[in-house]
Number of protein chains: 2
Amino acid sequence: MSLPHAVLGLLAVAPGTGYDLTRRFEASLSHAWHASHSQIYPELARLQGRGLVQEAGRGARGSRTWAITDQGLAELDRWLVEVQPNRSQRNETALRWFLLPLLPADQRRSALEREIADMLDSTAYLEAAAAGSGEVADDHPFRATAKLGVRINDVMLAWLREQLADT
Amino acid sequence: MSLPHAVLGLLAVAPGTGYDLTRRFEASLSHAWHASHSQIYPELARLQGRGLVQEAGRGARGSRTWAITDQGLAELDRWLVEVQPNRSQRNETALRWFLLPLLPADQRRSALEREIADMLDSTAYLEAAAAGSGEVADDHPFRATAKLGVRINDVMLAWLREQLADT
DNA sequence: CCTTGACATGTAAGAAACGACATGTATTTT
DNA sequence: AAAATACATGTCGTTTCTTACATGTCAAGG
């Protein structure tokens, strides 16, 4: 169960509201861990109960800004360093690519074309992130990861095009 | 919910028992979709109820061999071609890599070293699969996907080493 | 002969996640 | 001024997943 550590990680970069975290999950973590607001709000309450986050102020529209505590930072470090990683994954795209060879050639081609189109969208998005567009500029700690994403996408795109050529 | 289609996909390659499918999930699908036997047995029963798989014989130790039906193949194709892919993921490794920049340098280095070691193991495994070791030899439909896995691992390994050098 | 390990199938309780419901405020656009 | 959109927080029923429990067979090695 990685949700609490994903939330702690995002709050370690900057404090934020539940709403804000929901968007950051979509924007930065979408290729790693998915969570919706209906998970995030209860998780913030649990983390507060454990003393790992605290309210750092209230704003307009009843918003509550959360910040990670020292205990929370310690827990995040402990998890990253000491806890045995769970390498199991759930990635529907990977499953689909795996099963693609089972399709007849014409259907396989159109499926591959859809995947290529989606991959181009994804790459455009990641390249913007890797360039640091708009965001916190150069101190942005996740720049390197976005660059990795771009490289992986390049490899995947080349593979998809090979598959299409071979079909 | 991709579990039923993952099971159908594996049965489309070759019939098998629940136990056998459990191992094939670990061996072939571990980088795409995780499922344990306690999910697989009930899922086979549900798929049978929908007419998508059928019992293809019984063997020693009370084993039941399952095969995909024509209806099952049709459903699998339909899902691959018509159903809108769900691009959300859950990948703890990706989450960890994403959060790595938050660690102090010395801890980050040791975490990176562990990741590199695990990546080497994974690559060795995938290279064997891509070469078609032991398995169904050249008609093995998932060879191409294993090759993609190897290429992605190469990119990830290079990135990890860069990160380590930069830390 | 006995033990260990791989083969083999299930169930059940609890945790996690999803999708829909529910409500309200502030800002921007028409 | 009104409407639409973005901001904002929550809950609830259902589905899905995990972990542990439970049981039994067959083959190989000591």
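The values are calculated or read from the model by the stated rules, or taken from the named source; none is laboratory data. Quantities reported herein were computed from a predicted structural model and do not represent experimental measurements. Here the Cβ positions follow ideal geometry from the backbone for every residue, glycine too, while neighbour counts run over all protein chains shown. The protein model used for the area step is the full one, side chains on, heavy atoms only, and it has no ligands, DNA or RNA in it. Shrake-Rupley method; radii C 1.70, N 1.55, O 1.52, S 1.80 Å.
So here's what we get for this one:
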{"item": "Filter result for the condition that a residue is within 13 Å of DNA strand C (Cβ to nearest atom), facing chain B (nearest Cβ under 9 Å) and out of contact with any Ser or Thr (no Cβ under 8 Å at 6 or more places or on another chain), over A:ALA32, A:ALA12, A:ALA60", "result": "A:ALA32"}
{"item": "Residue count for region B:81-119, restricted to those that are among the small types (Gly, Ala, Ser), within 16 Å of DNA strand D (Cβ to nearest atom) and either out of contact with any Asp or Glu (no Cβ under 8 Å at 6 or more places or on another chain) or over 26 Å from B:SER2 (Cα atoms) (or both)", "result": "1"}
{"item": "Among (1) exposed (fewer than 13 other Cβ atoms within 10 Å of the Cβ); (2) within 16 Å of DNA strand C (Cβ to nearest atom), the one test that B:ASP70 misses", "result": "(2)"}
{"item": "Single match in B:ARG61, B:ARG96, B:ARG143 (criterion: of a type in the set (D, E, K, R), at negative phi and open to solvent by 20 Å² or more (accessible area, probe 1.4 Å))", "result": "B:ARG143"}
{"item": "A:ARG109, sole failed condition from (1) at the interface with chain B (Cβ under 10 Å from one of its Cβ atoms); (2) under 19 Å from B:PRO141 (Cβ atoms); (3) touching a residue at least 40 places away in the same chain (Cβ under 8 Å); (4) open to solvent by 20 Å² or more (accessible area, probe 1.4 Å)", "result": "(1)"}
{"item": "Breaking point among (1) modelled with pLDDT under 95; (2) assigned to a helix (DSSP H, G or I), for A:ARG24", "result": "(1)"}
